[in-house]
Amino acid sequence: MIILRSLLVFVMMVVFVPGMAFALTQESFDVKNKKNQEMNKKCITCHLKENASLVRQWENSAHAAAKDGQIGCFTCHAANVGEEMGYTHEGAFIKAILSPNDCAMCHEPEAREMAQSHHATAGEIMASLDNMLAEVVGGMPSNKANMASGCWQCHGSIVSLKKDKDGNALRSKTDAPQMDYNTWPNSGIGRINPDGSKGACNACHSKHSFSASRARQPENCGKCHLGPDHPQKEIYEESKHGIAYFTAERGNSPDGMNILKDGSWVLGDDYYTAPTCSTCHMGSFIKLNGAVAKNSHNVGDRISWNLRAPVSSKLNRVIFTDGTGTDITGDIAPRPGQTATAKSYSREGDKLKKIVSEKTIQSVMSWKQRRSNMKEVCKSCHGINQADNFYRQLDDVVMLYNEKFAKPGVELVNMLKEDGIWENSGFQHRIGYTWFEIWHHEGRRARMAAAMFAPDYTHWHGMYEISRNFYHEFLPEVQEMADHADKGERYRTYIKALMAKPEHLWIKTGGSAETMQLIEEENKLRYNQ
């Protein structure tokens, strides 16, 4: 069908009788319905005057070029009668804010996979130290700015209506709902929507083009996956994978990425020069037998380690008999038929209610299977021995971090809590920040960098800073607090035994005399100093 804007040159304006709004979301998805088509034309006519760039984005989208009929404004924005977010606008009953439930009308598999992913739960950050640092430590009871403009823009807000003192939703003179500005606008990927769904498709597929090609580019992921605590963007840019991508042509040249291609984008068919974030974590690829491996909107299906927690552990994915899922940590995966504790959140009003229950496991994807899934992607470009040895290198870094620093650190923090020395978050003392940055910033950087081929982030931004702060900040602060509480002997004994282990012996002397002699001789030859 010809683009709507050109049709408007000779199509007469359609007059709608006031108060005779027709809606019902299911009906609006009938793209061949003449009334729907005319309503879409009316939307375009007005928005060309008010938001011309918005319209042009849509005109160049796959929605506008849909072969079975254009997917226009009213198709997606129509609201069901009675929806709290709905209002009558120019003869149509619509809603401004869309959710994955709307996108699922056409993209059901993608919405279902997304709902099972960590992305969909990104908004469930209330019970976290991250949230406390932003909302309490860095915020004010009457001012949510740090959350609204910071955390929630990536993690997602609980999109809410503005309420009066009695809790009633406020609406404008035209009956449009008035939004709580702290929660909207928001495109955080784990956004809690008014209909109770979790996620925001336009976090990656920016409106109003909703482009698949934009979503697959690494810059898209860099909105959230960057910074001191999860610098995947910077890590990727340093890696051989990132270098190969950024030095390649974007187009469909013999050595190009073909990344602007509409529709499917298959490694080994559409491109072969370099992987992006999407390639490894979501993308389709040609398998060794010639079959095409399906892509997935569950970004965790190929991840075998939890690299975010204070101590890393292997991740097994389970699906329960009710269709929900969760990750269960451990080297040994659970079995179907067993029960496990499941945590979820449901929206009640403008808050989330935590639900903890025992559920029966229906299926399991073990950490080994998840790793195998990733290796299948690796084998598109690398031999199996190279992939196997890479994972051995990664495992060694994770175990080094775990055993030398993380586990002793966790044990000392738990001792301080047991003895009543460490109270609540610990951020009221310097040690709270010291320990948090060891595992949440430096520890994540080292582990994530090892997983993505970034040597500088593995060592200088990672293990180097962990070791400096563990030995010269964290341990002295532990002892200082314990001494102040008249319980210092217990901690002196623990730290003395810890420092007697082979991996910590260097701290007594600063290294051996033989090692220092070699270093000094090399400095003389290299720098004449």
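The values are calculated or read from the model by the stated rules, or taken from the named source; none is laboratory data. All figures in this text were calculated on a predicted structure; none of them were measured in a lab. Reconstructed Cβ throughout: ideal geometry from the backbone, glycine too, with neighbour counts over all protein chains shown. Side chains included, ligands, DNA and RNA excluded: accessible areas come from the protein's heavy atoms. Shrake-Rupley method; radii C 1.70, N 1.55, O 1.52, S 1.80 Å.
Observations
- For beta carbons closer than 6 Å, sequence separation of 6+ or different chains, a first residue in the stretch 393-409 that is farther than 22 Å from I495 by Cα and in a helix (DSSP H, G or I) and a second that is modelled with pLDDT of 95 or more and aliphatic (A, V, I, L, M), the qualifying pairs are L394/A450; L394/A451; V397/A450.
- Just one of the numbered conditions (1) farther than 21 Å from S344 by Cβ; (2) open to solvent by less than 50 Å² (accessible area, probe 1.4 Å); (3) among the polar types (S, T, N, Q) is not true of Q178: (2).
- Any hit, the stretch 379-387, residues being among the small types (G, A, S) and not in a helix (DSSP H, G or I): yes
- Unmet requirement for G190, which otherwise passes all of (1) in a loop (DSSP other than H, G, I, E, B); (2) surrounded by fewer than 22 Cβ atoms within 10 Å (Cβ to Cβ); (3) touching a His at 6+ places or on another chain (Cβ under 8 Å): (2)
- Entirely in the stretch 449-529, the helices (runs of 4 or more DSSP H) that have 2 or more residues that are closer than 30 Å to R308 by Cα and not basic (K, R): 455-458, 464-469, 475-484, 488-499, 506-509
- Pairs linking a residue in the stretch 225-237 that is farther than 12 Å from F453 by Cβ to a residue that is polar (S, T, N, Q) and crowded, with 21+ Cβ neighbours inside 10 Å, with Cβ atoms under 6 Å and 6 or more positions apart or on different chains, are H225/Q232.
- Being open to solvent by less than 40 Å² (accessible area, probe 1.4 Å), assigned to a strand (DSSP E or B) and touching a strand residue (DSSP E or B) at 6+ places or on another chain (Cβ under 6 Å) holds for only one residue in T360, T326, and it is T326.
- The stretch 152-199, residues that are touching a helix residue (DSSP H, G or I) at 6+ places or on another chain (Cβ under 9 Å) and among the β-branched types (V, I, T): I158, T183, I189
- The residues listed here are A104, A92; of these, the one that is within 15 Å of S28 (Cβ to Cβ), free of Cβ contacts under 8 Å to residues at least 24 places away in the same chain, hydrophobic (A, V, I, L, M, F, W, C) and open to solvent by less than 60 Å² (accessible area, probe 1.4 Å) is A104.
- The C-beta contact set for the stretch 42-59 (first residue under 15 Å from Q70 (Cβ atoms), second residue acidic (D, E), distance under 8 angstrom, 6+ apart or interchain) comprises K42/E90; C43/E90.
- Against the list (1) farther than 27 Å from C73 by Cα; (2) more than 19 Å from the chain's Cα centre (by Cα); (3) in contact (Cβ under 8 Å) with a residue 40 or more places away in the chain, the condition A127 fails is (2).
- Considering the conditions (1) touching a Lys or Arg at 6+ places or on another chain (Cβ under 9 Å); (2) buried (at least 19 other Cβ atoms within 10 Å of the Cβ); (3) closer than 30 Å to D350 by Cβ; (4) not acidic (D, E), H225 is excluded by exactly one of them, (2).
- In the stretch 270-286, the qualifying residues are those that are farther than 17 Å from H297 by Cβ and among the β-branched types (V, I, T), and the one that is surrounded by the most Cβ atoms within 10 Å (Cβ to Cβ) is T273.
- Matching residues, the stretch 75-88, being out of contact with any helix residue (DSSP H, G or I) (no Cβ under 9 Å at 6 or more places or on another chain), open to solvent by 30 Å² or more (accessible area, probe 1.4 Å) and not small (G, A, S): V81, E84, Y87, T88
- Test: residue in the stretch 167-174 that is closer than 29 Å to A309 by Cα and β-branched (V, I, T): no
- Residues of the stretch 412-438 classified as open to solvent by 80 Å² or more (accessible area, probe 1.4 Å), free of Cβ contacts under 8 Å to residues at least 40 places away in the same chain and either at positive phi or over 25 Å from the mean Cα position of the chain (by Cα) (or both), total: 5
- Some residue of the stretch 20-32 being exposed (fewer than 15 other Cβ atoms within 10 Å of the Cβ), among the acidic types (D, E) and modelled with pLDDT under 95: yes
- Taken over the stretch 249-269, the criterion of being surrounded by fewer than 20 Cβ atoms within 10 Å (Cβ to Cβ), under 19 Å from R214 (Cβ atoms) and either more than 26 Å from the chain's Cα centre (by Cα) or in contact (Cβ under 8 Å) with a residue 60 or more places away in the chain (or both) is satisfied by E249, G251, N252, G256, D262, G263.
- First in the stretch 471-489 and touching a residue at least 60 places away in the same chain (Cβ under 8 Å) and farther than 17 Å from P408 by Cβ, second anywhere and open to solvent by less than 20 Å² (accessible area, probe 1.4 Å) and of a type in the set (F, W, Y), Cβ under 9 Å, 6 or more apart: none
- Among the numbered conditions (1) open to solvent by less than 40 Å² (accessible area, probe 1.4 Å); (2) assigned to a loop (DSSP other than H, G, I, E, B), the only one that Y345 does not meet is (2).
- Annotation: of all residues in the stretch 193-210 being surrounded by 19 or more Cβ atoms within 10 Å (Cβ to Cβ) and either among the hydroxyl-bearing types (S, T, Y) or in contact with a Lys or Arg (Cβ under 6 Å, 6 or more places away or on another chain) (or both), the one that is farthest from C103 (Cα to Cα) is S209.
- In summary, Y245 fulfils each of the numbered conditions (1) closer than 23 Å to E135 by Cβ; (2) without any contact (Cβ under 8 Å) to a residue 40 or more places away in the chain; (3) in contact with a Ser or Thr (Cβ under 8 Å, 6 or more places away or on another chain) with the single exception of condition (1).
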